[in-house]
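A quick write-up on the structure given underneath.
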Amino acid sequence: MLGGGWRFHLGDVTGAAAPGFDDTSWAPVTVPHTWNAADGADGGGNYRRDVGWYRTRLAVPAGDRRVFLQFDGANLVTDVYVDGRRAGRHEGGYSGFRFDVTALAPAGRTVSVAVAVDNRKNAGVAPLDGDFTLFGGLYRDVKLVVTDPVHVDALDYGGPGVSVRQRALTPAAADLEATTRVTNDTAVPRRIPVRTVVRDAARRVVAVSAGAVTVGAGSTVPVTSALRVRDPHRWNGVRDPSLYSVTAEVGGDAVTVPLGLRTFAADPVRGFLLNGVPYPLHGVNTQLPSRPDRGTAVPAADIDADYALIAELGANAVRMAHYQHSPREYDLADRLGLVVWTEVPLVGFVTDSPAFTANAETQAHELVRQNANHPSVAMWGLGNEQYVSSPAANAVLAAARAVFRADDPDRLTTYAHCCLSDTDALAGHADLTGYNRYYGWYVPGAANLGTWADDLHRADPGRRIAVSEYGAGASVRQHEQHPAPPVPGGHWHPEEYQAEVAETSWRAIEARPYLWGSFVWVMFDFASDGRNEGDRPGINDKGLVTGDRLTAKDAFYWYQANWSSRPVLHITSARDTVRTTATTDVKVYAGTAPVSLCVNGVPLGTRLPGDHIAVWSAVALNPGPNVVQATAVQNGHLHTDTVTWFRQS
């Protein structure tokens, strides 16, 4: 990991790639790093989009080795120089990439590395823009990768050079096809041994294939091996995310990739099927993991914490919007059993140019090659909310789908549609269609979500549909009992209203099994510098959890009560601490066990939650502090939630 020893300057600098350039006046930084950590979430839509330069020194290992620089993500266009010579250019802010720097970095020497990252809008690179901040910089890890001259290909669109395809799966056996790209970087042809090993979750070897291939000098040859796993243990979502691994050994090099044995399908009547069984997807959308003080330049521990919260919520699926996410997120989804929708960043608009289409195709190749081995990934997304159904937009979506179909013919494709006719041509390119529908927020009446879905299903019964986004904004600092619908772009987003939209929306979704999935927008509040709404500018506040990850909103507990097997007992409106009325309703989200309520030590009776909600109406509050306590015995244990509300006299 190349995390320390970097110097940074914001703004383009002539000659900054030169090995002898004096960077002593530049700021010392560690990577991951972004220059938009502060201004990317303060509102105004004026965060700095510019060129940022990074420089460091690299000690090159001795010996006859191949040396690669790997970047897990740099936003948006990146130029890399080693000892003053260009190593390569990458266009795209969210996929990983590698450059072979062997010829630029002599063994045993120390060389300069200079990286120019440019997050300015680029007409030839997706995304052109978005309702999110494009954090500039080396915001993910940078690594040095060293291999033998004979090795697994490291330049396959940033992928591992090993792909495993499940050809058949029965209770008796799983038939696999493992393809390893074998590279010979020596000056002569070589006969190279190739061994492929499958191990189960206990690291026991369950299948082996061995052979050899002749590879010409400076060439790469794909080698495909057939393997059979007896009595396969299936990857079965959150219930049992059992994982295997596949290791490809090429000469002295070895690369290991994950393997999960499962089948995915979607039916217009039965919804989503995992291993042939209906498995309705109820999940969340996520933007890049971020924190208020670091932007998207977060350590692994923060990513782990995010996915621990998603698991705690009880979600069984994640839509990774609106672009490729970090490698760690896909690994976590594999281990947690989360079904993943992941997509290319075709957001809002496209450029009608060969360069833009080629860039979209390249990013689609990268998405597949880097993530196809992850069992959690069920579908490739063609993009999100194209606002104009132009020939250019339709052509770019078709081009992305063609890449997905060629690179991975076994997976489904999908698209998140909005703002045009439900049956517009844009919604017809993918196998599946998701619809972004904000009933109760941008469109009146949360209850209308079910009516809309029924009307579309009735009119087009063969279309496989999902709700790809739904939800409402909420500030944990703003409260209103029995709130009126707020103005979405206004500055009053009471937490209680988000919870009411969540209650109504989920009831509509749960009652319609033909919906193959639903994804709340969004798991965490996130930076969108152009917004100015809710309790502060620069934030999209539709998250179930605040951007600092310190507070789960009431709606979080509603979904948890419905989705999770863990005990849930939560008094809503807990943060509405100052009350001005003599009475109030008390609403509790809970499991299915009876809930008892006391106010100021006085029992007010027991309720059996109906649809995970228990309500006590017109509860009297004394002037001054009032201690409200709910209790329930769940799974043999007593659970308590307590809040204090102060009634003004």
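Every number here is computed from the coordinates shown, using simple stated rules; none is lab data. Computed from a prediction, not measured in an experiment: that's the story for all the values here. Quick reminder, even Gly has a Cβ in these numbers, built from the backbone with ideal geometry, and neighbours come from all protein chains shown.
With +1 on each Lys and Arg Cβ and -1 on each Asp and Glu Cβ, how big is the dipole of the stretch 278-566 about its Cα centre, in debye rounded to the nearest 20?
Numbers: 22 positive and 36 negative charges, 66 e Å.
That gives the stretch 278-566 a dipole magnitude of about 320 debye.
In debye to the nearest 20, how big a dipole does the stretch 162-264 give about its Cα centre with +1 on each Lys and Arg Cβ and -1 on each Asp and Glu Cβ?
On the way: 14 positive and 8 negative charges, 38 e Å.
Magnitude of the dipole: close to 180 debye.
Using θ = phi - 60° and the Karplus curve 6.51 cos²θ - 1.76 cosθ + 1.60, what whole-Hz ³J(HN,Hα) does each residue of the stretch 403-417 get, with Gly and Pro shown as x?
These are the phi-based 3J(HN,Hα) values: 5, 4, 5, 6, 7, 8, x, 8, 8, 7, 10, 8, 8, 9, 9 Hz.
Tell me, what ³J(HN,Hα) does each residue in the stretch 490-495 have, in order and in whole Hz, if you take phi through Karplus 6.51 cos²θ - 1.76 cosθ + 1.60 with θ = phi - 60° and put x for Gly and Pro?
x, 9, 10, 10, x, 4
Of N562, T572, F68, which is farthest towards the positive pole of the chain's charge dipole, taken about the Cα centre with +1 and -1 on the beta-carbons of Lys, Arg and Asp, Glu respectively?
The residue sitting most towards the positive pole is F68.
Distance in nm between label sites at A398 and A484, each 7 Å beyond Cα in the beta-carbon direction?
Roughly 4.9 nm, to one decimal.
So how far apart, in nm, are the two label points at A172 and R405 if each is 7 Å from Cα heading toward Cβ?
3.4 nm
Once you list every other residue whose beta carbon is under 12 Å from the beta carbon of N540, what net charge do they have if Lys and Arg are +1 and Asp and Glu are -1? Walk me through the numbers on the way to the answer.
Values: positive: R531, R536, K542; negative: D131, E469, D525, D529, E533, D541.
Summing Lys and Arg as +1 and Asp and Glu as -1 gives -3.
Taking +1 at the Cβ of each Lys and Arg and -1 at the Cβ of each Asp and Glu, which of S389, T362, H479 sits farthest along the dipole of the stretch 278-566 towards its positive end, judged by Cα position relative to the Cα centre?
Working it through, the farthest residue towards the positive pole turns out to be T362.
Please turn the phi angles of the stretch 283-290 into ³J(HN,Hα) values with the Karplus equation 6.51 cos²θ - 1.76 cosθ + 1.60 (θ = phi - 60°), one per residue in order, whole Hz, x for glycine and proline.
Calculated HN-Hα couplings, in order: x, 10, 8, 10, 8, 4, x, 8 Hz.
Share of antiparallel DSSP beta bridges in the chain, in percent to the nearest 5? Write out the running numbers ahead of the final one.
Details: 127 of 161 bridges.
Antiparallel: roughly 80 percent of the beta bridges in the chain.
When we measure straight from the Cα of K542, which lysines land under 17 angstrom away, once same-chain ones fewer than 8 places off are left out?
Of all the lysines, those that pass the test against K542 - Cα under 17 Å, at least 8 places apart if same chain - are K553.
Say R0 is 22 Å: what FRET efficiency, to the nearest 0.05, do A201 and V145 get from their beta-carbon distance?
Details: r = 27 Å, r/R0 = 1.22.
About 0.25, to the nearest 0.05.
Which angle from 0 to 90°, rounded to the nearest 10, does the C-alpha axis of helix 554-563 make with the longest principal axis of the chain?
Taking the Cα atoms of the chain, the angle to 554-563 is about 80 degrees.
Pairs of Cα atoms under 8 Å, at least six residues apart: use those to get the relative contact order of the chain, whole percent. Provide the component values of the computation, followed by the final result.
On the way: 1706 pairs, mean separation 71.4, N = 649.
Result for the chain is 11 percent.
If a cysteine in the chain has no other Cys Cβ under 4.7 Å from its own Cβ, put it on the list, ordered by number.
For the chain, the answer is C598, because their Cβ atoms have no other cysteine Cβ under 4.7 Å.
Before anything else, pin down the relative contact order of the stretch 245-388: Cα pairs under 8 Å, at least 6 apart, normalised by residue count, whole percent. Walk me through the numbers on the way to the answer.
On the way: 207 pairs, mean separation 30.4, N = 144.
It comes to 21 percent, rounded to a whole number.
As a test of the formula, what do you get for the chain when each DSSP H run with n ≥ 4 contributes -39,500 (n - 2.57) and the sum is divided by the residue count, at 222 nm and rounded to the nearest 500 deg cm²/dmol?
Working: 7 runs with 97 residues, N = 649.
Mean residue ellipticity at 222 nm (helix-derived): -5000 deg cm²/dmol.
Checking the a/c ratio against 1.5 first, then a/b against b/c, what shape does the Cα gyration tensor give for the stretch 548-597?
On the way: a/c = 3.13, a/b = 1.33, b/c = 2.34.
Cα axes put the stretch 548-597 in the oblate bin.
Report, in debye and to the nearest 20, how large the dipole of the chain comes out about its Cα centre when Lys and Arg carry +1 and Asp and Glu carry -1 on their Cβ. List each step's numbers first, then the result.
Details: 58 positive and 68 negative charges, 293 e Å.
Using only the charged Cβ atoms, the result is roughly 1400 debye.
Label the stretch 480-554 by shape, choosing from rounded, prolate and oblate, from the square roots a ≥ b ≥ c of the eigenvalues of the Cα gyration tensor; if a/c is under 1.5 it is rounded, and otherwise prolate applies when a/b is larger than b/c, oblate when it is not.
In terms of gyration-tensor shape, prolate.
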